Amino acid sequence: MSELKQSRPKGTQDFVPPESERRRRVEETFRRMAETYGYREIITPTFEHAAVFEKSSGVTSDIVTKENYTFKDRGDRDLTLRAEGTPGVVRAVLENQLRLPCRLYYVGPCFRYGRPQKGRFREFGQVGIEALGEASPLTDAEIIFFGYAFFESLGIRDCTTQVNTIGCRECRPTHRDALRKYLLERNELLCADCKLRIDRNPLRVFDCKVEACRQAVKDAPTPRQYLCPACQTHFEQVLVDLTRRGLRYEMNDRLVRGLDYYSRTVFEYISPSLGAQDSLGGGGRYDYLIEEFGGPPTPGVGVAIGLERTMLVAPAAPAPARRHLAFVVWLTEAEIGAAEQLADRLRSDGIAAQVDYDARKIKGQFKSADAAQAACCIIIGPDELARGVYSLKDLATGTQREVPSAAVCAEVRALFQH
Ligand code: HAM
């Protein structure tokens, strides 16, 4: 028999209470907010045909070349665990022939085989929105604003919004040529990866973390210097609208994003408290992606946010010492049935309730109540049953008093409030 491994795989995390509950609250905040902007939930598979990611994230992206979890299934198919939400959403929109324009949001795990470090995991949660079929720069600005507002609603203050544009099919080739020429002249300064990037996708060199490469691209031609008039106008309108919305942003000419599908607007939310992996979320416009999937020419723009990184920087609300949970305690076996019924009554009324069926003694049941961090115990003994009352014990203060059976739900609710 193989030995059970007692540790989780590298780069994965357990979320145990109360962190699991905090994570759920972050997700719920996101869902509520996405819905208030008109987005509806889409749920796509956790794995896709490998080609879905190759076609979209791009064969020159680090994600596809180095980080994808790609494997053959037992039917010899090449499959990839979801590395990001966007490609699956686009695939699903086309496959299900959704009517456009449509606004979709998602919440789910993603997998990337990176070197684990603070804020970088091999399994992580992403929440994101995609607006498909919307071409207006006002949608770009609204989405950028959405992300910022989400962080703000979680109490995150030290978040900078960086924006850039990388142009379109019209203007990108001219920039690419200029950049290629510039990089070829500095070929010997670049790392081995970047030397290859000059030919495949020179824009990627802007993403390289190697210090020599960063220095080499300091004065490199930027996409913004080569924009066609349409891209120029589009970007100006995005910026005007961000200002109108009162959102402070930073221009980052070197922001190109690590995925191949972007066109025009790109943006990222940066938090200095994250360290090296400082991007809380990011996104941009991808006006050619749907076409590349075989669909009709359709614009698209979206953002995705990392749950773990968000939780790392979001201030934790002070955890209440006790949970809104009532523990029903029985004195003798004769009251077990009544305890069970009372617990069900509380639950029907929306109050969390629990009974310890195992502990034979009241002391053991109180111990369980304490371990569960219940706010109160409701004690049922033969005497209470006969008189139609319960003893309600506040576990925070230790005080105990009798309450009439008919009023127990209201009394427990009132107790939860202080
Ligand atoms: P991304 O920048 O690759 O964009 O990922 C978005 C966010 O996911 C990151 O900012 C980060 O918070 C989180 N994230 C990424 N990798 C990891 C990791 N290894 N560990 C923890 N968190 C991570 C996208 O995925 C695009 N699909 C965004 C988008 C949506 N563009 C248009 N629509």
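Odds and ends about this structure:
- Span from the the range 250-315 Cα centroid across to the the range 340-359 one, whole angstrom: 46
- Eigenvalues of the alpha-carbon gyration tensor of the chain, scaled by 5 and square-rooted, set the equivalent ellipsoid semi-axes at 53, 23, 20 angstrom, largest first.
- Put a plus charge on the Cβ of each Lys and Arg, a minus charge on the Cβ of each Asp and Glu, and nothing anywhere else: the dipole of the chain about its Cα centre is then about 780 debye.
- Mean projection area, nm², convex hull over Cα of the range 115-234: 10.0
- One quarter of the surface of the convex hull around the alpha-carbon atoms of the range 348-417 equals 5.0 nm², the direction-averaged projected area.
- Compactness check for the range 16-64: Cα Rg over 2.2 N^0.38 Å is 1.64.
- Fraction of accessible area attributable to carbon and sulfur, the range 290-415 (%, probe 1.4 Å): 55
- Look at the alpha carbon pairs under 8 Å that are at least 6 residues apart: their mean separation over the length of the range 75-136 gives a relative contact order of 35 percent.
- Residues in the range 381-400 that a label on Arg360 would reach, taking backbone N under 20 Å of a point 7 Å out along Cα→Cβ: 381-382
- Remark: the range 231-380 carries 44 Å² of accessible area per residue (probe radius 1.4 Å; ligands, DNA and RNA excluded).
- Extent of the range 234-333 along its three principal axes (Cα atoms, max minus min coordinate, largest first): 73, 36, 30 Å.
- The residues of the range 42-101 expose, per residue, 54 Å² of accessible area to a 1.4 Å probe.
- Low-density loop positions, trypsin sites (Lys or Arg not before Pro), the range 330-418 - DSSP coil, at most 15 other Cβ in 10 Å: Arg360, Lys361
- Applying a DSSP loop filter and a limit of 13 other Cβ atoms within 10 Å to the trypsin sites (Lys or Arg not before Pro) in the range 38-90 leaves Arg74, Arg77.
- The chymotrypsin sites (Phe, Trp or Tyr not before Pro) found in the range 328-418 that occupy coil by DSSP, while having at most 13 further C-beta atoms within 10 Å, are Tyr357.
- Equivalent-ellipsoid semi-axes of the range 216-275, from the Cα gyration tensor, Å, largest first: 20, 19, 11
- Carbon and sulfur %, accessible surface of the range 1-98 computed with the full protein complex present, 1.4 Å: 50
- Rounded, prolate or oblate (a/c below 1.5 giving rounded, otherwise prolate when a/b exceeds b/c) for the range 1-124 by Cα gyration tensor: oblate
The values are calculated or read from the model by the stated rules, or taken from the named source; none is laboratory data. What you are looking at is a predicted structure, and each value in this text was computed from that prediction instead of being measured. Here Cβ is always computed from backbone atoms with ideal geometry, including for glycine, and neighbour counts include all displayed protein chains. Each accessible area value is taken on the protein alone, full model and side chains, heavy atoms only, with ligands, DNA and RNA left out. Shrake-Rupley method; radii C 1.70, N 1.55, O 1.52, S 1.80 Å.
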